Amino acid sequence: MRLDVVTIFPEYLEPLNVSLVGKARARGRLDVHVHDLRRWTYDRHNTVDDTPYGGGPGMVMKTEPWGDALDEITADGYEAGAHGPVLVVPTPSGRPFTQEVAVELSQRPWLVFTPARYEGIDRRVTEEYATRMPVYEVSIGDYVLAGGEAAVLVITEAVARLLPGVLGNAESHRDDSFAPGAMANLLEGPVYTKPPVWRGRGIPDVLLSGHHGRIARWRRDEALRRTALHRPDLIERCDPAAFDKKDRETLSILGWAPEPGGRFWRRPRDVEE
Ligand code: ADE
């Protein structure tokens, strides 16, 4: 997979040399090119922004540097044999970046990222490139960062670990929290390793029982418990067919009950716990 990142802070992308993404690069699974947007400015001050039409606070990133950069970078990529680029535009106004989007992007051969600073990029840039390639405007969460670079790191890591040969164990992301197509999207429960006692704290007996069925059940119950606590919306969205008899018992103990339509809702409580 080829990645191009265009930014006014190339050094912000240094973490792409480290850890999993760095290893994927070293193994030749990822071909990463980071470009300084200011290379495509021609004035003395290397200007990349200007005041917004219509007034208002902040600055807007100008069309020309982005247009010239993207033209040259895509032309170079095609010349080097890359094909099928996708433009990934991190923005708080994008659609949520989910595991499903990560899987979609991991199946593309070439991602071009345009992390913006200030109030974002002049709209005409995304419109122009949308006529040439798919454009994904994505937000990594309901908060506003100072720029899209951190979002590029997040998206790249989520995508890179899905590439064949990067994670070592091809099975290991099938059970990820949020894996698309999973019957129920549950958060993963707690995990433990040696020593068996640390500062007086033991581990749940069942994990030492060697009884695979009981361990799987315990893990499932812990996943239900954690999801009910941190992401009740995931339980509400679940297809009720995803819950077996024991799941239903656990959910009931946690205060959840099926509606007539079958989906689960948390029973209102008299007393807050
Ligand atoms: N740029 C600023 N905030 C962002 C967010 N939440 N997601 C993606 N890009 C951003």
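Scanning the range 168-225 for residues that are modelled with pLDDT under 90 and open to solvent by less than 50 Å² (accessible area, probe 1.4 Å) yields Ser172, His173, Asp176, Ser177, Ala179, Ala182, Ala184. If the condition is being near the ligand (Cβ under 9 Å from one of its atoms) and open to solvent by less than 80 Å² (accessible area, probe 1.4 Å), then the range 85-100 contributes Val89, Pro90, Thr91, Gly94, Phe97. State whether the residues of the range 157-169 include one that is within 13 Å of the ligand (Cβ to nearest atom) and closer than 23 Å to Val18 by Cα. Yes. Residue pairs whose Cβ atoms lie under 8 Å apart, separated by 6 or more positions or on different chains, with the first residue in the range 86-109 and farther than 18 Å from Leu145 by Cβ and the second within 12 Å of the ligand (Cβ to nearest atom) and open to solvent by 10 Å² or more (accessible area, probe 1.4 Å), are Val86/Tyr136; Leu87/Tyr136; Leu105/Tyr136. Please determine whether any residue of the range 46-59 is closer than 26 Å to Asn17 by Cβ and modelled with pLDDT of 95 or more. Yes - at least one qualifying residue is present in the range 46-59. For the range 108-129, the criterion of being in contact with a helix residue (DSSP H, G or I) (Cβ under 9 Å, 6 or more places away or on another chain), open to solvent by 80 Å² or more (accessible area, probe 1.4 Å), modelled with pLDDT of 95 or more and more than 16 Å from the ligand (Cβ to nearest atom) is satisfied by at least one residue. Residues of the range 226-235 that are in a helix (DSSP H, G or I) and surrounded by 15 or more Cβ atoms within 10 Å (Cβ to Cβ): Arg226, Thr227, Ala228, Pro232, Leu234, Ile235.
Report yes if Ala69 is over 27 Å from the mean Cα position of the chain (by Cα) and more than 17 Å from Glu137 (Cα to Cα), otherwise no. So Ala69 does not fit the description; no. Of the residues Ala69, Ala102, which is in a helix (DSSP H, G or I) and within 18 Å of Arg39 (Cβ to Cβ)? That would be Ala69, the only listed residue that is in a helix (DSSP H, G or I) and within 18 Å of Arg39 (Cβ to Cβ).
Just to be sure I understand, how many residues within the range 21-43 are open to solvent by less than 40 Å² (accessible area, probe 1.4 Å) and either farther than 14 Å from Leu3 by Cβ or in contact (Cβ under 8 Å) with a residue 24 or more places away in the chain (or both)? The number of residues fulfilling the criteria is 8.
Just one residue in the set Val206, Val154, Val138, Val144 is closer than 30 Å to Arg123 by Cα and in a helix (DSSP H, G or I); that residue is Val154. Per the conditions (1) within 22 Å of Glu14 (Cβ to Cβ); (2) more than 16 Å from the ligand (Cβ to nearest atom); (3) open to solvent by less than 30 Å² (accessible area, probe 1.4 Å); (4) assigned to a loop (DSSP other than H, G, I, E, B), the sole criterion not satisfied by Asn46 is (3).
The values are calculated or read from the model by the stated rules, or taken from the named source; none is laboratory data. Given the structure is predicted, the values throughout are model-derived calculations rather than measurements. Don't worry about glycine lacking a Cβ; one is built from the backbone with ideal geometry, like all the others, and counts go over all protein chains shown. Note: accessible area is taken over every heavy atom of the protein model, side chains too, but ligands, DNA and RNA are not part of it. Shrake-Rupley method; radii C 1.70, N 1.55, O 1.52, S 1.80 Å.
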